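Novice: One structure is given below, represented as structure tokens, and several questions about it will come after.
The values are calculated or read from the model by the stated rules, or taken from the named source; none is laboratory data. Just so we're clear, the structure is a prediction, and the values are computed from it rather than from any experiment. Here the Cβ is made from the backbone with ideal geometry for all residues, glycine too, and neighbour counts use every protein chain on show. Just so you know, the surface numbers come from the protein's heavy atoms only, side chains and all, with ligands and any DNA or RNA stripped out. Shrake-Rupley method; radii C 1.70, N 1.55, O 1.52, S 1.80 Å.
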Amino acid sequence: MPIRSNPFFNMDSSALLSLLRHTGTSMDSKSSKKSSGSIGGGVLKMFKLIPMLSSGCKMVNLLSRGHRRPLLKDYATTGTIFGFRKGRVFLAIQEDPHCMPMFIIELPMLTSALQKEMASETVRIALESETKTSRKKVLEEYVWGIYCNGRKIGYSIRRKNMSEEEMYVIDALRGVSMGAGVLPCKNQYDQETEGEMTYMRARFDRVIGSKDSEALYMINPEGSGQGTELSIYFLRSH
């Protein structure tokens, strides 16, 4: 497969291509499901409804209360995309909802822009590190070039320490295994200036391609075999 046949042709890496092939059969399955007239659900479709939600929903208010056990227990990795309605998007990766994030970063992308990208039903986010050494694990790198559906949207630096707002989101969603919605803001000022805090949480298959590449493939919550709707790639180029 020539490099220009995939949406990340600007990222010169055979490792990324091998990770992209991981979704080939599942995407074919997704197409066949749609052609047969099945109605697709999924976490991404829930995330598209966020503009219509508000923190007045009872389900949202219950999130920060006593539920502290994840709904599902397995070896899937937890991924959370969150951010204020008028602000930028954050990406957090955890071993499970009870663990502190192993990776958290602010993406150079507005929440509203990401919701527009999700209209395509297949979202691929790629993070590329240009570090010349491989002494660290790939997720331990700090400076990343960010791509969304094949377009480079800027650079970001991985968080070494979480801010108060980021810690609030991770703690509030500790009992949530998957879903999308709105969290009440901690203070009135944030809500008036940045809008409400939105989130999408899903479970991912984590695939390690090599010491320089990893990928996360979203697991469809219905288990209906519709394929991956959201894929996240981590690549260290040399």
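Novice: Here are some conditions: (1) within 16 Å of Pro101 (Cβ to Cβ); (2) crowded, with 19+ Cβ neighbours inside 10 Å; (3) aromatic (Phe, Trp, Tyr). Tyr217 meets all but one. Which one does it not meet?
Specialist: Tallying (1) within 16 Å of Pro101 (Cβ to Cβ); (2) crowded, with 19+ Cβ neighbours inside 10 Å; (3) aromatic (Phe, Trp, Tyr), Tyr217 fails exactly one: (1).
Novice: Looking only at the range 182-217, which residues are farther than 29 Å from Tyr75 by Cβ, outside any strand (DSSP E or B) and of a type outside the set (Gly, Ala, Ser)?
Specialist: Pro184, Cys185, Lys186, Asn187, Gln188, Tyr189, Asp190, Gln191, Glu192, Thr193, Glu194, Glu196
Novice: Sticking with this one: Would you mind telling me which numbered condition in (1) without any contact (Cβ under 8 Å) to a residue 60 or more places away in the chain; (2) more than 15 Å from Arg88 (Cα to Cα); (3) of a type in the set (S, T, N, Q) Asn149 fails?
Specialist: (1)
Novice: Identify, from the list Ile157, Ile170, the residue that is exposed (fewer than 13 other Cβ atoms within 10 Å of the Cβ), touching a residue at least 24 places away in the same chain (Cβ under 8 Å) and touching a strand residue (DSSP E or B) at 6+ places or on another chain (Cβ under 7 Å).
Specialist: Ile157
Novice: Given the options Gly150, Gly223, name the one that is open to solvent by 10 Å² or more (accessible area, probe 1.4 Å), modelled with pLDDT under 85 and of a type outside the set (Ser, Thr, Tyr).
Specialist: Gly223
Novice: Would you mind finding the one in Thr131, Thr111 that is modelled with pLDDT under 95, closer than 28 Å to Thr193 by Cα and of a type in the set (Ser, Thr, Tyr)?
Specialist: Being modelled with pLDDT under 95, closer than 28 Å to Thr193 by Cα and of a type in the set (Ser, Thr, Tyr) holds for just one of Thr131, Thr111, which is Thr111.
Novice: Being surrounded by 13 or more Cβ atoms within 10 Å (Cβ to Cβ) and without any contact (Cβ under 8 Å) to a residue 60 or more places away in the chain, is that true of even one residue in the range 119-135?
Specialist: Checking the range 119-135: not a single residue is surrounded by 13 or more Cβ atoms within 10 Å (Cβ to Cβ) and without any contact (Cβ under 8 Å) to a residue 60 or more places away in the chain.
Novice: Applying the selection to the range 123-160, what residues are under 19 Å from Met218 (Cα atoms) and charged (D, E, K, R)? Reasoning before the result, please.
Specialist: Here is the first cut: in the range 123-160, the ones under 19 Å from Met218 (Cα atoms) are 123-127, 139, 146-150.
Of everything in the range 123-160, just one residue is under 19 Å from Met218 (Cα atoms) and charged (D, E, K, R), namely Arg124.
Novice: Among the residues of the range 109-118, which ones are open to solvent by 30 Å² or more (accessible area, probe 1.4 Å) and part of a strand (DSSP E or B)?
Specialist: Step one: filter the range 109-118 for residues open to solvent by 30 Å² or more (accessible area, probe 1.4 Å), giving 110, 112-113, 115-117.
Selection gives Leu110 alone.
Novice: Sticking with this structure for a sec: Tally time: how many residues in the range 120-155 are aromatic (Phe, Trp, Tyr) and in a loop (DSSP other than H, G, I, E, B)?
Specialist: Final tally of qualifying residues: 1.
Novice: Since Tyr233 meets every condition but one in (1) buried (at least 20 other Cβ atoms within 10 Å of the Cβ); (2) modelled with pLDDT under 95; (3) in a strand (DSSP E or B), which condition does it not meet?
Specialist: (2)
Novice: If only one of Asn161, Asn220 is part of a loop (DSSP other than H, G, I, E, B) and in contact with a Gly (Cβ under 9 Å, 6 or more places away or on another chain), which one is it?
Specialist: One residue alone meets the criteria, Asn220.
Novice: Just wondering, is there one or more residues in the range 168-178 that are assigned to a strand (DSSP E or B) and within 19 Å of Ala92 (Cβ to Cβ)? Before the answer, list the steps.
Specialist: Within the range 168-178, the subset assigned to a strand (DSSP E or B) is none.
There is no residue in the range 168-178 that is assigned to a strand (DSSP E or B) and within 19 Å of Ala92 (Cβ to Cβ).
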